[in-house]
Amino acid sequence: MHPLVRLLPQIWKLSGYLSGILWLFQVRRLVQRIRPDILDAHYIGVPAYLAVASGFHPLVLSAWGSDILIDAKRNPLRRILTQSALKKAEMVICDSETARKRLLELGTRPDKITKIFWGVDTQQFNPQRRDEELKGNLGVSGAPTIICVRNLKPVYNVEMLIRAIPLILEQTPQARFILAGDGEQRGYLKSLASSLGVLDSIKFVGLIPHNELPKYLASSDIYVSTSLSDSTSLSLQEAMACELAPVVTDLPANREWIVDGENGFIVPINDVRRLADKIGYLIENVEVRRKLGRPGRSIIEEEAEYEKNMKKMENVYEQLVRSKNRLEG
């Protein structure tokens, strides 16, 4: 083996460290030039660490989910850096009770945590966006349509859905599946679907522009998420706004939105048979499907409407600016 090849891992690691130093200088330069009122770092990982290192205040950190639920658990260094960043922030934003509890475990003061949802534009995401032309183009006209819009990455466990599809097709051969998303498992998942003989029943449509997503959801009948970890799932909320019947894995954050049997179904993680049974039941029972889907929109309009939640975020920012002005005055 060429000596340079053996050195590649060390070179790669060194380039990462150098990039981090360059990013820090760039962040500091941007802050000095823009002179913001508030610095809000989204994702409590590298963005948060750079924000803290910039020394700017008031500082807001926004947790996205995997940053605190997965990354800070797997990597001891990430945990230490995350805890340090959380101590430096004036306010921490999260979008679920699951995330709030994790922030408390990481040592965040309760009074610094505010729960605000990303929010759904219910004017855009609604059942009236159903598009028969789109269904025709996708080859799913007249067929029961199941959609999953999670990215094709291990944490979203789309493999569980694909393994359930042969069982579903045994009972309902006409069912069709839309997988919208991309990621490092795309090739593997397509190969798996082919080996199971179900590739012709699946449409891998890739990443969908967000402004196109409402008609994909509204043109489907059942929403599925088989994720291994989640804070509040925005895609679940968007599907609920479109009145789809959801079938989701048993995660604490999902139970904050779905009551099993009342506005969707909850299945154990990696229980392929249970997933197939629930999807098959909804395919065969149209009225039950509609009954489970209808309450979702009311829940989203009440709790997770975009404008309402962005107003809450605006209030947090205004509060921090007033506090800053009092200290400086």
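Only the coordinates and a few stated rules stand behind these numbers; no lab work does. Just so it is clear, the structure is predicted and the values come from calculations on it, not from any experiment. Cβ atoms come from the backbone with ideal geometry, glycine included; neighbour counts cover every protein chain shown.
Output ³J(HN,Hα) for segment 50-55: one whole-Hz value per residue in order, computed from phi by the Karplus curve 6.51 cos²θ - 1.76 cosθ + 1.60 with θ = phi - 60°, and x for Gly and Pro.
The phi angles translate into 5, 5, 5, 5, 5, x Hz.
Sequence-distant or interchain residues sharing an amide H contact under 5 Å with Arg150, placed H: which?
Here the answer is Ala180, since their amide H atoms fall under 5 Å of that of Arg150.
Around Val205, with a cut-off of 14 angstrom between Cβ atoms, what is the net charge of the other residues, counting Lys and Arg +1 and Asp and Glu -1?
Net local charge, Val205 excluded: +4.
Once amide H atoms are placed 1.01 Å from N in the peptide plane, what residues at a sequence separation of 5 or more from Phe265, or on another chain, have their amide H within under 5 Å of its amide H?
Val247, Val248
Placing +1 on the Cβ of each Lys and Arg and -1 on the Cβ of each Asp and Glu in segment 127-304, which of Ile165, Phe265, Ala241 has its Cα farthest towards the positive end of the resulting dipole?
Ile165
Which whole-Hz couplings ³J(HN,Hα) result when phi for each residue of segment 58-73 is put into the Karplus expression 6.51 cos²θ - 1.76 cosθ + 1.60, θ = phi - 60°, listed in order with x for Gly and Pro?
Along segment 58-73, the couplings run x, 10, 10, 10, 10, 7, 9, x, 4, 4, 9, 7, 10, 4, 6, 8 Hz.
Report, in cubic angstrom per residue, the convex hull volume of the C-alpha atoms of the chain.
Per-residue hull volume (Cα only) is 167 Å³.
Given +1 on the Cβ of Lys and Arg, -1 on the Cβ of Asp and Glu, and no further charges, what dipole in debye does the chain carry about its Cα centre, rounded to the nearest 20?
The calculated dipole for the chain is roughly 1360 debye.
Find how many whole Å separate the alpha carbon centroid of segment 147-167 from the alpha carbon centroid of segment 34-60.
About 35 Å separates the Cα centre of segment 34-60 from the one of segment 147-167.
List the GluC sites (Glu not before Pro) within segment 191-264 that DSSP assigns to loop and that have no more than 10 neighbouring Cβ atoms inside 10 Å.
Hits after loop and neighbour filter: Glu262.
At 222 nm, what helix-only mean residue ellipticity would the chain give, in deg cm²/dmol to the nearest 500, using -39500 (n - 2.57) for each DSSP H run of four or more?
Result for the chain: -16000 deg cm²/dmol, rounded to the nearest 500.
Where nothing but the Cβ of Lys and Arg (+1) and of Asp and Glu (-1) is charged, how large is the charge dipole of segment 127-304 around its Cα centre, in debye to the nearest 20?
Using Cβ point charges on Lys, Arg, Asp and Glu, segment 127-304 gives about 340 debye.
Give me, ordered by chain and number, the residues 5 or more places off Glu305 or on other chains with an amide H under 5 Å from its own placed amide H.
Sorted by chain and number, the residues that satisfy this are Val120.
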